Number of protein chains: 2
Amino acid sequence: MSLRADAAEKRQHIIETAYRLFKRDGLHATGIDKIIAEAGVAKMTMYRHFPSKEVLIVNVLDWRAEHFRRQLDMLLEPVATPDEQIVAIFDWHERWFESPGFHGCLFQHSLAEYGTPGHAVFEAVSRQKHALKQRLQDILEQTLPEERAAVFANTLFMLIEGATMLAHLGQGKMAVASMRKTASALLFSADRLQ
Amino acid sequence: MSLRADAAEKRQHIIETAYRLFKRDGLHATGIDKIIAEAGVAKMTMYRHFPSKEVLIVNVLDWRAEHFRRQLDMLLEPVATPDEQIVAIFDWHERWFESPGFHGCLFQHSLAEYGTPGHAVFEAVSRQKHALKQRLQDILEQTLPEERAAVFANTLFMLIEGATMLAHLGQGKMAVASMRKTASALLFSADRLQ
DNA sequence: TATGAGATAGACAGGTCTGTATCATTTAGG
DNA sequence: CCTAAATGATACAGACCTGTCTATCTCATA
C-alpha cells in the first residue's frame with residue numbers, strides 16, 4: 001500500500017468523521033480539535049488535506065451528495081416503473097428517519113448556518129438540493145408532460161424536505177404516511193383528472 | 001413613563017435586535033457583543049433581563065411564535081371559508097418570501113443548531129411547528145372528517161416548510177406556485193373522489 | 001434635595017476557536 | 001540501510017466567546 005493510498009484513506013476518514021460530528025452537533029458547534037481527536041489524526045494532517053474548516057465543510061457536503069446520488073442509483077436501478085421508483089424513494093426516507101443516530105439533514109443544517117447566497121457552503125447545499133429535485137423530475141417526466149412533471153417534482157421535493165424536518169421533530173412516521181397518501185392522491189388525480 | 005415600562009421596552013428591543021441577527025447570521029455565529037452593540041445597550045442590561053444566551057434565544061423564539069400566531073389571527077379573521085383561509089396563508093408566505101431581508105425560517109435554523117430533543121431551544125421550535133400544524137388542522141376540520149384533515153394538515157405543513165427552504169435557496173416563486181397547484185388538486189380530489 | 005434602582009462603558013477572567021510552527025517518529029521505496 | 005515524505009504530539013498566537021465585576025452616571029420618586 002503506497003503512501004498516496006494511505007493519504008487518500010486518511011483524508012476520507014477525516015471527511016466521514018467530520019460528517020458525523022457536523023450532523024450531530026452542528027457546524028459552528030463542532031471545533032477542529034474535536035474532529036481531529038475523534039478521527040485520531042494530527043491537526044497538521046487535517047490542515048494538509050483541507051486548508052480551512054470551510055473547505056472541509058464543502059468537501060463533506062460534496063462527498064455526502066455524491067454518496068446519496070450513488071445510493072439512489074443502486075436503489076432505483078432494479079425498480080421498473082416511475083411510480084414504484086417514487087415509492088422506493090419514500091421507503092428509503094422512512095428507513096433513514098428510523099435509523100439510529102438520525103439527526104435531520106446535514107444540508108438543511110448547513111443552509112441554516114451558512115445561509116448567505118454566494119457563500120461556498122450555501123452553494124454546495126444548493127447543488128445537492130437542486131440535484132434531488134431534478135432527479136425527481138427526471139423520473140416523473142417518463143409518465144407526465146414536462147410542465148406537470150416539474151410541478152409534481154417541486155411538490156414531492158417540498159414534501160420530502162418537510163417530512164425530514166418533521167422526522168427530526170420526532171414525527172417521522174406520521175410525516176411519511178401523509179406523504180405517501182398525498183402522492184397517491186396526486187398520481188390518481190393526474191391519471192383521472194388530466 | 002415609569003422605569004418599569006422603560007425596562008420592558010428595552011427588553012423587547014434586545015429581543016427584536018437579537019431576532020434580526022440570529023435570523024441573518026445564525027445562532028452560534030452571533031455573539032453577545034454584537035447583539036448589545038447593535039441594540040445599543042450595555043452588557044449588564046442584557047444579562048439583567050436574560051441570565052444566559054440560551055434563555056435569550058428561547059425568549060426570541062417564543063416571542064416570534066406569538067408574533068406569528070397574532071399575524072395569522074389578523075390575517076384569517078376576515079376570511080370566510082376554510083379554503084380561502086388556506087389560500088390566505090399561501091399568500092402570506094409568498095409575501096414573506098419576497099420581503100426584503102428574507103433569510104429563511106429562524107425556527108428551522110434553530111432546529112439545525114440545537115437539534116437535540118430535550119434541549120430548551122429544540123423544545124421551543126417543536127412548540128411553534130406543532131402549533132402551526134395544529135392551526136392548519138383546525139381550519140381543515142371545518143370541512144373534512146378528522147382523519148382526512150390530519151393527513152391534509154401534515155401535507156400542507158410539509159409543503160410550507162419545504163417551500164420556505166426552497167425560497168431560502170432563491171426559488172420561492174416556483175415553490176409557492178407548485179404548492180398552490182398541489183393544494184388545489186388535493187382539495188378538488190377531496191371533493192370529487194371522497 | 002436625597003435616595004436608590006437601573007443603565008452605561010469598559011476591563012477582566014477563563015475558556016474555546018482557527019490556524020501556524022516545531023520537532024520527533026513512522027513508513028514506504030530505492 | 002537511507003532518504004524523504006507523511007504523520008503525530010504539542011505548544012503557541014491571536015482572535016473571539018460567554019459571563020462577571022466595578023465604577024460612574026441618570027433620573028424618577030419620596
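The values are calculated or read from the model by the stated rules, or taken from the named source; none is laboratory data. Bear in mind the structure is a predicted one, so any value in this text is a computation, not a measurement. Methodologically, a virtual Cβ is constructed for each residue, glycine included, from the backbone with ideal geometry; neighbour enumeration extends over all protein chains shown. With ligands, DNA and RNA removed, areas are computed over all heavy atoms of the protein, side chains included. Shrake-Rupley method; radii C 1.70, N 1.55, O 1.52, S 1.80 Å.
With respect to the conditions (1) at pLDDT 95 or above; (2) within 14 Å of DNA strand D (Cβ to nearest atom), B:Val87 falls short on a single one, namely (2). For residues that are in a helix (DSSP H, G or I) and at the interface with chain A (Cβ under 7 Å from one of its Cβ atoms), scanning just segment B:108-139, find the one that is surrounded by the fewest Cβ atoms within 10 Å (Cβ to Cβ). Out of the qualifying residues, it is B:Ser126. Taken together, the residues in segment A:68-77 that are exposed (fewer than 15 other Cβ atoms within 10 Å of the Cβ) and touching a helix residue (DSSP H, G or I) at 6+ places or on another chain (Cβ under 9 Å) amount to 3.
Against the list (1) under 21 Å from A:Gln171 (Cβ atoms); (2) assigned to a helix (DSSP H, G or I); (3) more than 10 Å from every other protein chain (Cβ to nearest Cβ); (4) open to solvent by less than 40 Å² (accessible area, probe 1.4 Å), the condition A:Gln85 fails is (1).
Which residue, of A:Phe97, A:Phe90, is assigned to a helix (DSSP H, G or I), of a type in the set (Phe, Trp, Tyr), open to solvent by 20 Å² or more (accessible area, probe 1.4 Å) and more than 16 Å from DNA strand C (Cβ to nearest atom)?
Numbers: A:Phe90 fails: open to solvent by 20 Å² or more (accessible area, probe 1.4 Å).
That would be A:Phe97, the only listed residue that is assigned to a helix (DSSP H, G or I), of a type in the set (Phe, Trp, Tyr), open to solvent by 20 Å² or more (accessible area, probe 1.4 Å) and more than 16 Å from DNA strand C (Cβ to nearest atom).
Kindly evaluate A:Thr164 against the criterion of being more than 18 Å from B:Phe188 (Cβ to Cβ), touching a Gly at 6+ places or on another chain (Cβ under 9 Å) and touching a residue at least 60 places away in the same chain (Cβ under 8 Å). Judged against the criteria, A:Thr164 is a match.
So that you can scan it fast, the table gives a plain yes or no per residue for (1) in contact (Cβ under 8 Å) with a residue 24 or more places away in the chain; (2) within 15 Å of DNA strand D (Cβ to nearest atom); (3) in the same structural domain as A:Lys129 (by TED's automatic domain parsing):
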{"position": "A:Ile14", "(1), (2), (3)": "yes, yes, no"}
{"position": "A:Leu27", "(1), (2), (3)": "yes, yes, no"}
{"position": "A:Thr30", "(1), (2), (3)": "no, yes, no"}
{"position": "A:Tyr47", "(1), (2), (3)": "no, yes, no"}
{"position": "A:Leu72", "(1), (2), (3)": "yes, no, yes"}
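Inside segment B:140-184, residues that are assigned to a helix (DSSP H, G or I), at the interface with chain A (Cβ under 7 Å from one of its Cβ atoms) and surrounded by fewer than 20 Cβ atoms within 10 Å (Cβ to Cβ) make up a count of 2. Considering segment B:17-54, the residues that are open to solvent by 70 Å² or more (accessible area, probe 1.4 Å) and more than 26 Å from A:Leu27 (Cβ to Cβ) include one that is farthest from DNA strand C (Cβ to nearest atom), namely B:Pro51.
Does A:Gln85 satisfy the criteria of being more than 26 Å from B:Leu27 (Cα to Cα), out of contact with any Cys (no Cβ under 8 Å at 6 or more places or on another chain), more than 16 Å from DNA strand C (Cβ to nearest atom) and free of Cβ contacts under 8 Å to residues at least 24 places away in the same chain? It is false that A:Gln85 is more than 26 Å from B:Leu27 (Cα to Cα), out of contact with any Cys (no Cβ under 8 Å at 6 or more places or on another chain), more than 16 Å from DNA strand C (Cβ to nearest atom) and free of Cβ contacts under 8 Å to residues at least 24 places away in the same chain. On inspection, A:Arg48 does not qualify as within 25 Å of A:Lys133 (Cα to Cα) and among the charged types (D, E, K, R).
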